[in-house]
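Written out below as structure tokens is the structure these notes cover.
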Amino acid sequence: MELDERKITILKAIIKNYMDTGEPVGSRTISKYVDNKWSSATIRNEMSDLEEMGYIVQPHTSAGRIPSDKGYRFYVDQITLEKDSEAAEVQELMIQRIDRLESVLKKLAKLLAHDTNYAALISGPRYQENKLKFIQLSRVDADKLLIVTVLEGNLIKNSIVHVDDVPNDEELLNMNILLNSNLNGLTIGEINLDVISRMKQQAGSHAGVVDLVLEQVAEVIRADSEDLQIYTSGATNIFKYPELSDNQKASELLQTLEHTELLKDLVDTGDGDGGTGIQVYIGEESPVQAMRDCSVVTANYELGEGIRGTIGIIGPKRMDYEKVLKTLRTLMVQLETAFKKEER
């Protein structure tokens, strides 16, 4: 006899109901639990089969049943499989989403440079709040754990840690519940000593696993903050302006536009004018040394869920500011629209 879909549904209903109430579960209760999908007689027959297969037991002479150890084991294994599958699906969707967004950003940088005749840059999405949305622990080997960390913006990071004593499946389920109930919605800075102490106390003999997980989560958040993509276009446009075409100045500017680390100060701008994120740097006001003979206009875009980035235009001090500001405001709207289309 095998567990078909109906038996699995009824078994899960018995386990969930028993976990909620602590009382043996009868067919009438299960019938309500599954919205009267099957008759009480059908449910009784299935429960009889489940008892014969060893997944549930009858503790007393009453009609109620409770899960056996075998039933609990099946339930825990099913949850683990479902969560692993969900995490894999979300990860694949987010990889596709980010790939599409990066493609849009590259095209927009090229379009912006062409329309303005200046150099342009667009930074890739940065997840500013870095709040934790979900953590999933899974056993990979006898001494290894896979940690799936989901940050705000559905950015997914996977990492593997070595553990001397890997928790069993039921303990891992409890650890996942513990981690998510305590850490969901927090930034790494909000995970204070009180939170850590409480979690370690609740984890008991696996308090060391809590330390390892928190260390790894902090590491992936720091790595994400440092992982910045900047797409540039139109760098050679600067040669069209005599005041910027001096060999040394042009060389320094071109080199700067080719190196992400040299542009970080430029994309880490504040709220700017009127909350639009627009900043205008003229000459010496520029945070980038190689752009002190230029004017730089930046605008922050925001696509929801903490996803932010910066659009920038670099040109001579005599740039057409009115056109540039109008172009940036329009592009921010176009970028948001393009992102929504890519999501459909």
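Can you tell me which of (1) surrounded by fewer than 17 Cβ atoms within 10 Å (Cβ to Cβ); (2) at pLDDT below 80 is the one Tyr127 doesn't meet?
(1)
Go through the stretch 216-238 and report how many residues are of a type in the set (A, V, I, L, M), closer than 23 Å to Ser103 by Cβ and modelled with pLDDT of 75 or more.
Total meeting the criteria: 2.
I want to confirm something. Restricting to the stretch 45-62 and keeping residues that are surrounded by 14 or more Cβ atoms within 10 Å (Cβ to Cβ) and over 15 Å from Leu3 (Cα atoms), which single residue is farthest from the chain's Cα centre (by Cα)?
Going through the qualifying residues, I end up with Gln58.
Of the residues that make up the stretch 85-102, is at least one modelled with pLDDT of 70 or more and not in a loop (DSSP other than H, G, I, E, B)?
Scanning the stretch 85-102, I find at least one residue that is modelled with pLDDT of 70 or more and not in a loop (DSSP other than H, G, I, E, B), so the answer is yes.
Go through the stretch 313-325 and report how many residues are modelled with pLDDT under 90 and under 33 Å from the mean Cα position of the chain (by Cα).
Adding up the residues that qualify gives 1.
I want to confirm something. Restricting to the stretch 245-280 and keeping residues that are under 14 Å from Ile311 (Cβ atoms) and in a helix (DSSP H, G or I), which single residue is modelled with the lowest pLDDT?
Among them, the one singled out is Val267.
Among the residues of the stretch 47-65, are any touching a helix residue (DSSP H, G or I) at 6+ places or on another chain (Cβ under 7 Å), under 24 Å from Leu172 (Cα atoms), in a helix (DSSP H, G or I) and not aliphatic (A, V, I, L, M)?
no
I want to confirm something. Restricting to the stretch 103-121 and keeping residues that are farther than 16 Å from Leu254 by Cβ and surrounded by 21 or more Cβ atoms within 10 Å (Cβ to Cβ), which single residue is modelled with the highest pLDDT?
This residue is Thr116.
Assuming Tyr72 fulfils every condition listed in (1) in a helix (DSSP H, G or I); (2) more than 30 Å from Arg329 (Cβ to Cβ); (3) modelled with pLDDT under 85 apart from one, which condition is it?
With respect to (1) in a helix (DSSP H, G or I); (2) more than 30 Å from Arg329 (Cβ to Cβ); (3) modelled with pLDDT under 85, Tyr72 is out only on (3).
Test each condition in (1) closer than 24 Å to Ala142 by Cα; (2) touching an Asp or Glu at 6+ places or on another chain (Cβ under 7 Å) for Thr187 and report the one that comes out false.
(1)
List the pairs whose first member sits in the stretch 303-332 and is farther than 26 Å from Phe239 by Cβ, whose second member is at pLDDT 80 or above and of a type in the set (Val, Ile, Thr), and whose Cβ atoms are under 8 Å apart, counting only residues at least 6 apart or on separate chains?
Every condition considered, the pairs that remain are Gly309/Ile122; Arg329/Ile278; Met332/Ile311.
The values are calculated or read from the model by the stated rules, or taken from the named source; none is laboratory data. This one's a predicted model, so the numbers in the text were calculated from it and none came from an experiment. With ideal geometry, Cβ positions are generated from the backbone for all residues, glycine too; neighbour counts draw on all protein chains shown.
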